[in-house]
Each structure stands twice: as C-alpha cells, then as structure tokens.
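Colleague: For reference, the structure I am asking about is given below.
Taken together, the values in this text are just the output of simple stated rules run on the coordinates, not laboratory data. Quick caveat: nothing in here was measured; it's all calculated off a predicted structure. Note that each Cβ is placed from the backbone with ideal geometry, even for glycine, and that neighbours are counted across all protein chains shown.
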Amino acid sequence: MLDTYWESVLELGRMPRDDEFDQLTEVRQACGSLPRALQLFIDRFGEPTFAAARQRRKEDLLVFVAAAQLRRKIPFNQLSPRLQRDLRSFFGSYTNAEEKARELMFAAGDEDELEKRIFVTVIDHTTGPEHQLLFFKERFLAKDHPDRPKMNRFSAKLRKQGLRKKTIGYGPTKEKWEAHQRDRQEN
C-alpha cells in the first residue's frame, strides 16, 4: 500500500487527494499524516527523486497550457478537478500557468513570429474546402473591447507584410498564408 502511495506521489508530482488514491485513510493511519508519509519516502529515496517528479509534471502542465493557448481558451472551471489541482499546486493559479507557458513559447523562438503563429492559429476558420484565416479581426469588435489594442498591433504587423483588409476580405487561405510565410523566410 505505501509503495503504491509513493508511486502515486511520483506520478502526480504532489500528494494525491482522496479521489486520486483510494487508500489515503490507510496511509494516514500507518504514517500519522500524509505529509509525514511523504517525508518518510523522501528520506528513503531522496529529495532529488521527488523534485524530479515535480519538475516532470510541471513541464507536462506547461506543455498542455502552451498548447491550449494555440486554440480557444478553456475556462478554468471546465478543466478536470485533477488538472485544476495541478495548476494550483504547481503555479498557484491558471493565470500564472498561462503566463509561464507564454514565456516558454516566446523563449523558444522569435517573439514576433511566434505571436503571429499563435494569433493565426487561434483565429483559423477550418470549415469548407479552403481553410480561411480571419485577419484584421478588430473590425468585428466593439471599440472598447479589451483585446482590441492587441489585435490592432497584430494587424499593423500584417500591413507591414503587405496584407490589406480592403483587398483580402477575410484573408488568404491557410495554405496561401503558410506559403507567404515560407517565401518571406527564404528572402
């Protein structure tokens, strides 16, 4: 039972809750408390083992949150209870996790290019035979919408690349946009 508890701790990178480990009552009885049980295993296997498990889980969560930023945001209350606990345990809040994920993504590449890719992916309209991308999105928002300044800045970057809202309608297809990006990188 205690070995199974430790395996659960290593998988989660934190102490499990009642709905994550069926025998928590027995662990509490055998060790006095869950923190005491955790400390017994840390003493036995070493802090680096637990720290590595925490780091692995934290990195997994960052990848999940970063990928979530490439599509429509999932509200915190719609995440599974386990994921909510993980985000609170490792980052303090969903907002902090999102910020860390953005930092990770921007550290991985050119900030302007990454911003374009994130923004384009978020507004990718993939219905129909041609995958239409929606550019100059701010024109569909109220003047006081909180995201309007961000969208205006993004549209300014599009204009620098030669795209104009009067000539493209909703925008080039996804395929044409990707070809345009490849051509710009080659030149």
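Colleague: Among Lys73/Lys100; Lys100/Lys176; Lys73/Lys176, which pairs are too far apart, with a Cα-Cα distance over 22 Å? Write down the numbers at each step before the final one.
Modeller: On the way: Lys73/Lys100 15 Å; Lys100/Lys176 32 Å; Lys73/Lys176 26 Å.
Pairs exceeding 22 Å: Lys100/Lys176; Lys73/Lys176.
Colleague: Can you tell me how region 1-49 classifies by the Cα gyration tensor, rounded, prolate or oblate, using a/c under 1.5 as the rounded cut? Can you show the working numbers first?
Modeller: On the way: a/c = 1.97, a/b = 1.26, b/c = 1.56.
Oblate.
Colleague: Same structure, new question: How far apart, in nm, are two points set 7 Å out from the Cα along the Cα-to-Cβ line at Arg159 and at His180?
Modeller: 1.5
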